[in-house]
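Q: There's a structure below that I have some questions on.
What follows draws every value from the coordinates through simple rules; no lab data is involved. Just so we're clear, the structure is a prediction, and the values are computed from it rather than from any experiment. Ideal geometry is used to build each Cβ from the backbone, glycine not excepted, and the neighbour counts take in all protein chains shown.
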Amino acid sequence: MSRTHVICNINGDDVEFLCDDGESLLDALRDDVGLMGVKEGCGTGDCGACSVLMDGKLNCSCLILAPEANGTDLLTVEGMADGDHLHPLQQCFLEGAALQCGICTPGFLIAAKALLDQNPEPTETEVRYALAGNLCRCTGYDKIVRSVLEAAVQIRETV
Amino acid sequence: MTATEERPDYKYVGTRPIRHDGLDKVIGKARYAADLVLPGMLHGHILRSPHAHAKIVSIDTSAAEAMPGVKSVVTGADFPDLGAAPNGDLAKNVIARDKVLYEGHAVAAVAAGTRREAMDAANAIVVNYEVLGHSLTIDQTMSPDAEILHDGLITRGIEPAPTEASNIVARTCFERGDIDQAFAESDVIVEREFSTTPIHQGYIEPHACVADTGQDGKTVVWCSSQGHFRVRSATADVLGWDTSRVKVIPAEIGGGFGGKTTIYLEPLAVEMSARSGRPVKIVMTRDEVFRATGPTPGSKLKLKVGAKNDGTITGVKAWMAYENGAFPGNAAMLGCMTVVSPYTMEHMYLEGFDVVLNKPVNAAYRAPSAPMAAFAMDTLLDEVAENIGMDPIEIRLHNCPSEGDPAPYGPKWPTIGLKECLEAIRDSDHYKSPVPENAGRGIASGFWFNIGEASSATVNLNENGTATVVTGSPDIGGSRASMALMAAEELGLDVYSITPVVGDTEVVGFTDVTEGSRATFATGMAVVEACRDLKMQLRQRASTAWDCDVEEVEWVDGHAVHSPGDHEALSLAAITAAAKRTGGPLGATASLNARGAGPAFSTHVVDIAVDKETGQTQVLRYTTAQDAGTAIHPSYVEGQMQGGVVQGIGWALNEEYIHDADGRMENSSFLDYRIPVASDLPMIETIIVEVPNPSHPYGVRGVGEVGIVPPLAAIANAVHDATGLRMSDLPMSPPRILAALGEAVE
Ligand code: FES
Ligand code: FES
């Protein structure tokens, strides 16, 4: 079977990979590019564990065909920190104990970044609705929501 | 907040450091089982039964074997029949033999070069079934004309023993006093019938494993599990292998809640790896997770509660049937043991029935069997309180057991903190605030035993004065941080100078599964014991250096101190730096069977708004008070409490298994099996009550499970307060509430 050649930018690096036409971007990122921080909880767009930013927009990578990534800019959890310097969301998640098992964490971080990029001063309700596409079975969301609100404050204070 | 009794002044215990494994988890580097890639690795896929109950007449794998990329195909015939030996049923659940017992039961497995090739090949396997009648409800399966699941199944606990097989596994009975007398003496008697559906644990990470079987006949398994030692023995048993041929390396685990205390995939991956000579990875889809892995049981419960006008419970009579799924279990027994535990009473008659039916076999889920039982009991107690005009907290305090009282399931209560939980809720901001308009408020309590069991820990001091703590307990919610905190407290080392590690089955001593809220309690005890051994060794090294009696050396804040004061204190780092010259490296191991797990109690209050037009509910405010004994890392104690509450909210309001008439699950996705999302919920307020457990060096009692017990009844009671309805069938989904409101109007 012939494979499709995809060129895109992932986390700041130009990346090329070959994929099958019917392959999901999630599978391509994990199996062809080796970005295992993108998680699969369902494969049907219902859990958000596979969240990525594609050209700045939040997407479930399990719902995108890998060839669609051609020419796009992708951000995964692996690209959130600036070298050793964690993104405030990552730091606040750690300090706020916003993760237990951690399988949902990459997706929440990406979804929360998508929110704060667009709305730097969200209310609790706005955070809850922005994260409603991400499932966490461990935390009951309390500490996740608090950590996102805290990160928003920190980001506002530093700019 | 924390309602803390006086306790020793700890330096590390009770603080909230960033967990050691946290960084990897926020940068995407934490390795879960599905993330592992080995050279030459194959991908496995499982063919599952489309029928709820059928005989397997024949399986033809020849077409599948001829397909591209296929390296191995296995069926039940490739695994030994263990009969009645331990794990015999488990073996038949891992892969069906002569019969399939539920839709989703594994029938065959394929390993191929890619996942797609494996799936295509699995679909090319031809299975001939002879479809049998099936049972999907407790009533169906207990009826005399139900199709029998297991030919030799004779009900236990009935005298004289039945002569015919049935689907009733066992009858359990707990009896105290004279229940008829209790009701004769009662001023109020309330009774109702309740039902709950199976609920999935809903961990976000599907089951996954990789097996690499070598030519030496040994295998290495990486997997997502709450207990890799159990994976080792169970996998070996199912394969008919000696345990020592299996090594299990625990990956990071993406949630378990009890559901990852058993095995599904590992023997299949090991066997296909052995046959192909290549590593084999199997990862379930979410659909498979729902159809084939352990829900907690559905139940049907009839309870009758008698009480006096002053609120004293006179007695409880219960008839409780629990689904076990396709193979026998003991869910009803646990239901009987927990149902009345938060209350004292002179008379009880608790009868439990475990039944098999054509659904996936149960797996544990957070305080297994207790939430449904508490749902029934605490709903009826609310009704009693309403009938006699008593405050729902007061009636619970009035019947609250204390130390020395007989627990319903036999022993005497040790030190427990239920009274303190009730008082904490009574005195909370939440309970004192007025109930919001158009809303109702509900209260309930819950109990869970907590367990001890076997744990091992090895603590090594490194030459630079840091320490490595290796335990055998997979960390499913922050327990590594708790281990490090206890070791820090003992050794007087900074918590970040300690590296807590979960060791595989060949580097650390036997350790039971992370279940029963035991890891921080029991494995923590092993860590403390090993640290105390080390402290003795450290004092001895100092006494040798100072040429004095070891009794003159104290261990204070990470230093050996000469109590008479003749020598300058020696730091731990100074002792470890010199260790080679003074007798060799310093390390200690402790293996123990922990006793004295302190029982856990919790009381919750919730405010719920009900939209009478749509039946939609909204949780407006939720507060939980739970006795943690001592909170080692309060953030993760709160996390356990909040996680348990929200799982309980999902159970109460939305989650359910829906089957069609043929026994096929109709809602096997997160879209249709709806677990709570962030926008459904308010913050979950926590009050950590600390009534230290005298059996643990730091007073720990397990915190993982009890939080899921009270929400079902608390929410039902709030819905009653808001609408006047007594909802006795879960979930209280909008259509159910709407229907009940409609009936109430008529
Ligand atoms: S894996 Fe993509 S949404 Fe769940
Ligand atoms: S931390 Fe486990 S699913 Fe969110």
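Q: Students often get this wrong: which residues of segment B:443-480 have the backbone nitrogen under 15 Å from the point 7 angstrom along Cα-to-C-beta of B:T589?
A: Residues B:455-461, B:469-473 qualify, since their backbone N sits under 15 Å from the label point.
Q: Which entries of B:K300/B:K419; B:K260/B:K419; B:K92/B:K247; B:K317/B:K412; B:K218/B:K359 show an alpha-carbon separation above 25 angstrom in the structure shown? It would help to have the intermediate numbers written out before the result.
A: Details: B:K300/B:K419 30 Å; B:K260/B:K419 33 Å; B:K92/B:K247 22 Å; B:K317/B:K412 21 Å; B:K218/B:K359 34 Å.
Long pairs (Cα-Cα over 25 Å): B:K300/B:K419; B:K260/B:K419; B:K218/B:K359.
Q: Lys and Arg at +1, Asp and Glu at -1: add these up for the other residues within a Cβ distance under 15 Å of B:F257 and post the number.
A: Values: positive: A:R137, B:K260, B:R366, B:R518; negative: B:E205, B:D475, B:E515, B:E655, B:E705.
Within the 15 Å Cβ shell, the charges total -1.
Q: Work out the charge dipole of chain B with +1 on the Cβ of Lys and Arg and -1 on the Cβ of Asp and Glu about the Cα centre, then indicate which of B:M727, B:M377, B:Y673 is farthest towards its positive end.
A: Working it through, the farthest residue towards the positive pole turns out to be B:Y673.
Q: A follow-up question, please. Modelled label-to-label distance, B:E191 and B:R31, 7 Å Cα→beta-carbon offset: nm?
A: 6.0 nm
Q: Further, regarding this structure: Treating only the Cα positions of chain B as identical point scatterers, give the base-10 log of I(q)/I(0) from the Debye formula at each q in 0.07, 0.09 Å⁻¹.
A: The calculated log intensity ratios at q = 0.07, 0.09 Å⁻¹ are -0.53, -0.86.
Q: So what is the 222 nm mean residue ellipticity for the protein assembly as shown from helices alone, if each DSSP H run of at least 4 adds -39500 (n - 2.57) and you divide by all residues, rounding to the nearest 500 deg cm²/dmol? Please report the intermediate quantities before stating the final value.
A: Values: 24 runs with 246 residues, N = 905.
Taken over the protein assembly as shown, the calculation gives -8000 deg cm²/dmol.
Q: Related question: Would you mind counting up the charge near B:L303? Only other residues with Cβ under 12 Å from its Cβ, with Lys and Arg at +1 and Asp and Glu at -1.
A: On the way: positive: B:R192, B:K300, B:K302, B:K304, B:K317; negative: B:E191, B:E193, B:E351, B:D378, B:E383.
Summing Lys and Arg as +1 and Asp and Glu as -1 gives 0.
Q: So, R0 is 35 Å and r is the distance between the beta-carbons of B:K11 and B:R581; what FRET efficiency does that work out to, to 0.05? Walk me through the intermediate numbers first.
A: Details: r = 30 Å, r/R0 = 0.87.
For B:K11 and B:R581, the calculated efficiency is 0.70.
Q: Just the isolated ones, please: cysteines in chain B lacking another cysteine beta carbon under 4.7 angstrom.
A: Isolated Cys, chain B: B:C173, B:C336, B:C400, B:C421, B:C531, B:C548.
Q: Just to verify a number: FRET efficiency for B:M536 and B:R275, C-beta to C-beta distance, R0 = 51 Å, to 0.05?
A: Numbers: r = 51 Å, r/R0 = 1.01.
Calculated transfer efficiency: 0.50.
Q: Can you check how the C-alpha radius of gyration of segment B:318-458 compares to 2.2 N^0.38 Å, as a plain ratio? List each step's numbers first, then the result.
A: Details: Rg = 17.5 Å, N = 141, 2.2 N^0.38 = 14.4 Å.
Against the empirical 2.2 N^0.38 Å value, I get 1.21 for segment B:318-458.
Q: Read phi for every residue in segment B:272-281 and hand back ³J(HN,Hα) as whole Hz from Karplus 6.51 cos²θ - 1.76 cosθ + 1.60, θ = phi - 60°, with x for Gly and Pro.
A: Rounded to whole hertz, the list is 5, 5, 4, 6, 8, x, 10, x, 10, 10.
Q: So, one more: I'd like the Kirkwood hydrodynamic radius of the protein assembly as shown, using the inverse of the mean 1/r over distinct C-alpha pairs, in Å. It would help to have the intermediate numbers written out before the result.
A: Values: mean 1/r = 0.0349 Å⁻¹.
Mean inverse Cα-Cα distance, inverted, gives 28.7 Å.
Q: Could you give each residue of segment B:254-264 its phi-based ³J(HN,Hα) in whole Hz, using Karplus coefficients 6.51, -1.76, 1.60 with θ = phi - 60°, and x for Gly or Pro?
A: Working through the residues one at a time gives x, x, x, 6, x, x, 10, 9, 9, 10, 10 Hz.
Q: Sticking with this one: Determine by what factor the alpha-carbon radius of gyration of segment A:3-79 differs from 2.2 N^0.38 Å, reporting the quotient.
A: Numbers: Rg = 10.9 Å, N = 77, 2.2 N^0.38 = 11.5 Å.
Here the answer is 0.95, to two decimals.
Q: Cα-based Rg of segment B:497-587 per 2.2 N^0.38 Å, rounded to two decimals?
A: 1.32
Q: Assuming 0.36 nm per residue, please report the length gained on full extension of the stretch B:A84 to B:D391 beyond their Cα-Cα distance. Walk me through the numbers on the way to the answer.
A: On the way: separation 307, 0.36 × 307 = 110.52 nm, distance 5.20 nm.
Additional length available on full extension: 105.3 nm.
Q: Over every pair of different alpha-carbon atoms in segment A:88-158, take the mean of 1/r and invert it; report that Kirkwood radius in Å.
A: Values: mean 1/r = 0.0856 Å⁻¹.
Evaluated on segment A:88-158, it is 11.7 Å.
Q: Could you work out the mean projected area of the convex hull around the alpha carbons of segment B:1-126, in square nanometres to one decimal? Intermediate results must be reported in sequence, preceding the final value.
A: Details: hull surface 59.4 nm².
Quarter of the Cα hull surface area: 14.8 nm².
Q: Just to check I understand the Karplus step: with θ = phi - 60° and J = 6.51 cos²θ - 1.76 cosθ + 1.60, what whole-Hz values come out for segment B:465-474, glycine and proline as x?
A: So the J values, rounded to whole Hz, are x, 9, 9, 10, 10, 10, 10, x, 9, x.
Q: Assuming R0 = 35 Å, can you tell me the calculated FRET efficiency for the pair A:T158 and B:Q618, based on Cβ-Cβ distance, to the nearest 0.05? Write down the numbers at each step before the final one.
A: Numbers: r = 36 Å, r/R0 = 1.03.
Once rounded, the FRET efficiency stands at 0.45.
Q: Out of segment B:551-621, which GluC sites (Glu not before Pro) are coil in DSSP terms and have no more than 14 other C-beta atoms within 10 Å?
A: Sparse-neighbourhood loop GluC sites (Glu not before Pro): B:E568, B:E613.
Q: Please state the equivalent ellipsoid semi-axes for segment B:451-607: what are the square roots of 5 times the Cα gyration tensor eigenvalues, largest first, in whole Å? Walk me through the numbers before you get to the answer.
A: Details: eigenvalues 210, 57, 36 Å².
Over the Cα atoms of segment B:451-607, the ellipsoid semi-axes are 32, 17, 13 Å.
Q: Give me P(r) over segment B:372-439, computed from all C-alpha to C-alpha distances, binned every 10 Å, as integer percentages.
A: 17, 40, 35, 7, 1
Q: With labels modelled as points extended 7 Å from the Cα through the Cβ direction, what inter-label distance (nm, one decimal) is found for A:K57 paired with B:A66?
A: Taking the simple label geometry, A:K57 and B:A66 are separated by 4.8 nm.
Q: Exactly which trypsin sites (Lys or Arg not before Pro) in segment B:96-171 are in a DSSP loop and have at most 15 other Cβ atoms within 10 Å? Provide the component values of the computation, followed by the final result.
A: On the way: sites: B:R97, B:K99, B:R115, B:R116, B:R156, B:R171; in loops: B:R97.
Listed in order of number, the matching sites are B:R97.
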